[in-house]
Amino acid sequence: MMPFSHLAGTLIPAMTFLSYLRPESWEPCVEVVPNISYQCMEVNLYKIPDNIPSSAKNLDLSFNPLRHLGSHSFSNFPELRVLDLSRCEIQTIEDNAYQGLNHLFTLKLTGNPIQHLALGAFAGLSSLQKLVAVEINLTSLEDFPIGHLKTLKELNVAHNSIHSFKLPEYFSNLTNLEHLDLSNNRIQNIYHKDLQILHQIPLLSLSLDLSLNMIDFIQPGAFKGIRLHKLTLRSNFDKMNVMKTCIQALAGLEVHQLVLGEFKNERNLDRFDKSALEGLCNLTIEEFQIAYLEDFSSNDIGVFNCLANVSAVSLVDLWLNKLESLPKDFRWQSLELVNCRFEQFPALALPSLKTFVLTANRDSKTVVDFELPSLEFLDLSGNGLNFRSCCSHSDFGTTRLKYLDMSFNNIIVMGSNFLGLEQLEHLDFRSSTLKQANDFSIFLSLTKLLYLDISHTHTRVVFHGIFHGLYSLKVLKMAGNSFRDNFLPAIFTDLTNLTFLDLSHCKVEQVSQGAFDSLLRLQVINMSYNNLLLLDILPFKYLHSLQVLDYSFNHIVAPKVQKLQHLPSNLTLLNLTQNDFACVCEHQSFLQWVKDQRWLLVEVEQMMCATPLDMQGMPVLSFRNTTCQMNKIIISVSVLSVLVVSLTVVLVYKFYFHLMLLAGCKRFGGDECTYDAFVIYSSQDEDWVRNELVKNLEEGVPPFQLCLHYRDFIPGVAIAANIIQEGFHKSRKVIVVVSQHFIQSRWCIFEYEIAQTWQFLSSRAGIIFIILQKVEKSLLRQQMELYRLLNRNTYLEWEDSVLGKHIFWRRLRKALLAGKPQSPEGAADAENN
Amino acid sequence: MGGLTAALLIWALLLPKGGSGEAWPIHTACKDSSLEVLYQSCDPLQDFGFSIDQCSKDLKPNLSIRLGLILRENIKELFLDIALLTKGSSILNFSYPICEGDHPKFSFCGRSKGEQLYYVGPVNNPGLLVPEGEYQVLLELYDENRSTVACANATVICS
């Protein structure tokens, strides 16, 4: 127990120390951009943090209970550009609270229940351009001490309790003001005197938002002679009559953009008819928008009479139903109709119209031809329309069209090759179904087209000339289509100016080698979400402008690293995430390449292994080369040891007799015997004995000493005596060379018989038989004793082949080495062992 | 003495894991004899208030709801994802744009971090008779950067 408590006693102070030793000194804030941007949202700060570097430009302190801002609260951050103090429960802001923030650009005070705002609260903010003071309990602009903020461009005081629209005197200082948001306040009446300051100092670029104030009264002429950039009045009136008189009271206003209408969730107006807008005749309006008016119905075209000279009209979410017979003298250049529930497609004929947007209208399904000779921009997206034959100038009554958006419609039949629409620069068919796109080169005449989107149009590319003629095209998006046999052929030959190509979700399995050869300006190519098994870089090799190559979400197991050496020279991003990488040693060089090229690869940490099972879902980066080295070591060690063992075996085999010598088996030379063996042979076989037997046994290893009659018999002594004295007496063994001549030679038989007798008399001599030639059985039977022995015992047989000779000599040497066998059986046993 | 030190050691080791992970409480959106709707916020940053005005097995079209929360994100654009599940299998997935940049449909569109979002009004639902059973509804509001604005796990119990 004692050692444990000692251990704990040392660990606890160490851990307490370590817990204070945090790597980031700006805790609990988060460093977004080092030394520039710090995020301290909702981290329960009671005071301004003092551990943020003074170089910080962007500081988010929102949702902290700061409660009180004393003077010079931010003197530590002289470089601040953006300060977010939203929802900081601030009740009091003292004088000079922001003093020193001479570079502050944006100050957000949203949602603070300010009770005491000192007169000098905003002192010093000499560069402030945007002040967000939404929901801060502000009751009047007059008391808001911002008169000195000459640089202010945007003032947002929405959602407060301001009753009076009176723009205070100090607005004469705010000459840069461009946006004033007074929406969601309590302004009911607008008097002439409220706008007095705008008569004195005209703020020509001012956008004024008065939405969500329940306005009862506007003094007629209050806006007379005033110019504004934008005036927004949405959900301001609950009665049609009030709306009518208020709009009439705007008479004399010159406004670039006027926005009227309601919000879908703030519908207050009791009813609506065209007379409500009569007053607009006395305004000068450039752009007009009206949105979300439930009862707006234009069965009577008269509602637009006062808007004849407006250049842009936008009608959003209105019950228009019909929009026919707009007078030809209307000067509208732009018309936008969003979700206007036309039962019939409007057959427009307006000579001045350049831009026409008709979207999100799901009630009519077929197009009626227009007569819009000046039209340059046409957006018919999201209508569920069917086109029986697209497209030619007669459909739209214009030859000037540059922009055509037919996306998110139903079925579009490509029946015409854009006759008369050669000016087109932008063409979008995304998510509509294209028919007959493969019949001929439909885009052949569009030599000025820059942008083409046919993504998800159910197009199956069969015809290789589908993109012929698109010489200027820069962007081609064709995701979500398919190719015949899932093979991407060379269809881009004319697109020499292409910079962006999207081929994702196209089920591509193979890419033709020359598919991208002509795309020398290509910068971005997206091949993600296909079924590519190989990462073949060769088609991109010469695309020197290529910067981004996306191969994510394919089935690439592992590319060949040799192929990856040919990466285009300017490539900066390569995305290989979500492929079926095999993290095995076989692909070790690729896995190492991934580590080396991590600066090039997108989300390299997200590249996961798919196989083998134990690596599944693990990052490719976690693959360790050492596992492969281990395997290599194991393999090389085992190969080496096998080699060593086999070499040893071979050596032992080869030098067996040398080893025997070394091991001390010298006994055969150590006793009284002079010879190792006495050789009995026929003189007819002497050649063999001299050239083979003597040569091999006496000159080989170990050297044996043979007793040969022609050499070792002592002259002058009787042959029989020599045989006994020199032959049997002094030899350990007897070698009998059996041949045809042997059987026939009397001397030989004599010697053999003596040998047999000798064997019985002395207990040591072993007889080794060598059959030099096959002996006829009949001949052999003459020597019954020999025949019997040969039948019963193992003998050596001379063979002329190399292998046979080798085996013969080894067996003979073994037999000669064998100690002192008592009988031929013993010699045979030794051989078998 | 040794026991106390050991306890201190264990306490010190476990301490950093404590802090977070508490789920928001389960609220009732509406309750009736036949239908009950419960919800729980799945946004780690905040809980929010939600109620349905009529609660009936015979679901009326364009139900009136109330929703209140404080924004942690700017919502120039706002999208709603709804997933309906029963017994773990998905029945319906639905995505709906609520605020789109150019044409703010609702008065709260375009509001910024720190502002309130309080919606009282109808939702665009069809009328239907809810079959008996227990359903899970996953609702998520998110902005143009795919940051969660609000998230709820709702349970509809119809008996």
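What the table below lists for this structure:
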| read-out | value |
| --- | --- |
| About the Cα centre, charge dipole magnitude for chain A (Lys/Arg +1, Asp/Glu -1 at Cβ), debye | 2440 |
| Which listed pairs, of A:264/B:113; A:264/A:365; A:130/A:474; A:730/A:814, have C-alpha distances above 29 Å, in listed order | A:130/A:474 |
| Residues of type lysines that residue B:31 reaches as a straight line, Cα spacing below 20 Å, ignoring anything fewer than 8 places off in the same chain | B:57, B:60 |
| Separation of the residue B:94 and residue A:746 label points, Cα + 7 Å toward Cβ, nm | 13.0 |
| Neighbour net charge for residue A:151 - beta-carbon separation under 15 angstrom, K R +1, D E -1 | +2 |
| Chains B and A, summed buried accessible surface - 1.4 Å probe, Å², nearest 100 | 2300 |
| Chain A, relative contact order in percent, only Cα pairs under 8 angstrom and at least six apart counted | 3 |
| Pairwise centroid distance, computed over Cα atoms, of segment B:101-137 with segment B:33-47, Å | 14 |
| Paired Rg and Dmax values of chain A, which use every Cα atom, in angstrom | 53.4, 169 |
| DSSP H segments from chain A that extend 15 Å or more along their own axis, Cα-based, with Kyte-Doolittle mean of -0.5 or above | A:2-20, A:625-654, A:746-761, A:802-817 |
| Threshold 30 Å², segment B:94-127 residues less accessible with all protein chains present than alone (1.4 Å probe) | B:103, B:104, B:105, B:106, B:107, B:111, B:113, B:114, B:115, B:116 |
| Debye intensity ratio I(q)/I(0), log10, segment A:298-368, q values 0.12, 0.15, 0.28 Å⁻¹ (C-alpha model) | -0.28, -0.44, -1.57 |
| R0 of 60 Å, Cβ-Cβ distance residue B:47-residue A:321: FRET efficiency to nearest 0.05 | 0.85 |
| For the protein assembly as shown, accessible area per residue (1.4 Å probe, heavy atoms of protein chains only), Å² | 47 |
| Percent carbon-and-sulfur accessible area, segment B:24-158, ignoring ligands, DNA and RNA, probe 1.4 Å | 56 |
| Size descriptor, Kirkwood hydrodynamic radius, that averages inverse alpha-carbon separations across segment B:51-159, Å | 15.1 |
| Where N is the number of residues in segment A:538-623, Cα Rg divided by 2.2 N^0.38 Å | 1.05 |
| Taking segment B:24-158 and dividing mean pair separation by its residue count, relative contact order in percent (alpha carbons under 8 Å, at least six apart) | 31 |
| Nearest-ten-degree value, helix B:2-18 long axis tilted from longest Cα axis of chain B | 20 |
| Charge dipole magnitude, Cβ of K and R +1, D and E -1 - segment A:361-460, Cα centre, debye nearest 20 | 300 |
| Proximal charge balance of residue A:398 [Cβ under 13 Å; K/R count +1, D/E count -1] | -2 |
| Potential extension, residue A:701-residue A:661 segment - 0.36 nm per residue separation minus Cα distance | 13.5 nm |
| Spin-label pair residue A:687/residue A:791, simplified geometry with 7 Å Cα→Cβ offset, distance in nm | 3.4 |
| Contour excess over end-to-end distance, with Cα ends at residue B:64 and residue B:33 and 0.36 nm allotted per residue | 9.3 nm |
| Distance (nanometres) between label positions extended 7 Å along Cα→Cβ at residue B:147 and residue B:123 | 2.5 |
| Segment A:538-623: relative contact order as a whole-number percent, Cα under 8 Å and 6+ apart | 28 |
| Computed E for residue A:241/residue A:462 - FRET, C-beta separation, R0 56 angstrom, nearest 0.05 | 0.30 |
| Distance-filtered residues of segment A:358-377 - backbone nitrogen under 12 Å, label point 7 angstrom along residue A:426 Cα→Cβ | A:376-377 |
| Helical contribution to [θ] at 222 nm, DSSP H n ≥ 4, -39,500 (n - 2.57), averaged over the protein assembly as shown, rounded to 500 | -5500 deg cm²/dmol |
| Computed lengthening from residue A:633 to residue A:199, 0.36 nm per intervening residue step minus Cα-Cα distance | 147.2 nm |
| For segment A:321-476, alpha-carbon Rg relative to the globular expectation (2.2 N^0.38 Å, N residues) | 1.01 |
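The values are calculated or read from the model by the stated rules, or taken from the named source; none is laboratory data. Small disclaimer: the values here were computed from a predicted structure and weren't measured. Reconstructed Cβ throughout: ideal geometry from the backbone, glycine too, with neighbour counts over all protein chains shown. Side chains included, ligands, DNA and RNA excluded: accessible areas come from the protein's heavy atoms. Shrake-Rupley method; radii C 1.70, N 1.55, O 1.52, S 1.80 Å.
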